[in-house]
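Laboratory data are not the source of any read-out in this text; all were calculated from the coordinates shown. None of these values were measured; they are calculated from a predicted model. Positions of Cβ are generated from backbone atoms using ideal geometry, with glycine treated the same way; all protein chains shown enter the neighbour counts.
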């Protein structure tokens, strides 16, 4: 199958995807043509000892089979040999995933998620809102963009997938006269956001903005490459794009894929795509008209967890 991150056709497919309970609640997974079903609770990786196998054979001879109903068990995931990304084989559209993001982190979202994933109650007030997350994420973006300040020349900016606007760094406020937020959720701008300079919009205009940020979006979408192409259309010629993603793809997971080990499932939740440092660089390199200016990788303390973050500055050259 073709990689939806970099377009490479050399991929490995394994039945290791497992849908999280909240994903199952909010998304119609019956559209996934790669779903696998099971009548048992686990996959045996080794045969039972001989006496047990003999007893099972006798029981099958003496008693009619009583088959459990088949239930969704796993789904196929693909790993790209070029960019290393791991994605579901099924491509979910933006409309398919709206159930996850229309009320993102609102009261109804939190209530529904806790109802099927009780552990989420322990972090619900910190995810995306912990003071350290706001402070450290914005400080890290400021540091990276200030290092590349010579590439910027003012104009207007759009935060693609910017939610309530709290992740707009001070660099942007200082550099741009107007800032727009485009997001799938109905979240209003947070009270801490300067509403004199920042506005939410529903219909961004093509070839308009001199700078676009796309932070922690690509791990959530069905086709990351298509989204970057769509976002690039909003940039004026010579415009800049800043992409930020979590690097959650570990060496262990990559090695399991290379060895075709399927024991440990990969949970499909809000983050449906896994990346490492190779992934976004290969994505940018596969799109005509985009060039990578700078990239970095660092660990950020979010207050409730620490995350390895990848940063990429891209120019639209035509």
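Structure notes:
- Crossing angle, helix 131-147 versus the chain [Cα axis fit, 0-90 degrees, rounded to tens]: 60 degrees
- Across region 174-254, the mean sequence separation of Cα contacts (distance under 8 Å, 6 or more residues apart), normalised by length, yields a relative contact order of 29 percent.
- Rounded if a/c under 1.5, otherwise prolate or oblate - region 193-318, Cα gyration tensor axes: prolate
- With contributions of -39500 (n - 2.57) from each DSSP H run of at least four residues, the per-residue ellipticity at 222 nm computed over the chain stands at -7500 deg cm²/dmol.
- As a rough footprinting exposure proxy, the listed residues 213, 11, 267 were ranked by other beta carbons within 10 Å of their own, and the order from fewest upward is 267, 11, 213.
- Whole-number percent relative contact order across region 166-302, with pairs defined as alpha carbons under 8 Å at least 6 apart: 19 percent
- Fraction of beta bridges assigned by DSSP in region 164-318 that are antiparallel (%, nearest 5): 65 percent
- For the chain, the longest principal axis of the C-alpha atoms and the axis of helix 50-62 are separated by about 70°.
- Whole-Å distance, taken between Cα centres, linking region 160-216 and region 294-314: 20 Å
- DSSP beta bridge pairing in the chain, given as percent antiparallel to the nearest 5: 60 percent
- Between 0 and 90°, nearest 10: helix 107-116 axis offset from the chain longest Cα axis: 20 degrees
- Contour minus Cα-Cα distance for residue 95 and residue 248 (0.36 nm per residue): 52.6 nm
- Relative contact order of region 1-156, taken over Cα pairs closer than 8 Å and 6 or more residues apart, is 30 percent.
- Separation of region 68-147 from region 248-282 is 15 Å, based on Cα centroids.
- Working from label points 7 Å from Cα in the Cα-to-Cβ sense, the residue 59 to residue 116 distance is 3.2 nm.
- Tensor-based shape of region 54-194 (alpha-carbon gyration tensor, a/c under 1.5 rounded, otherwise prolate or oblate): prolate
- Neighbour-count order for 212, 235, fewest beta carbons within 10 angstrom listed first: 235, 212
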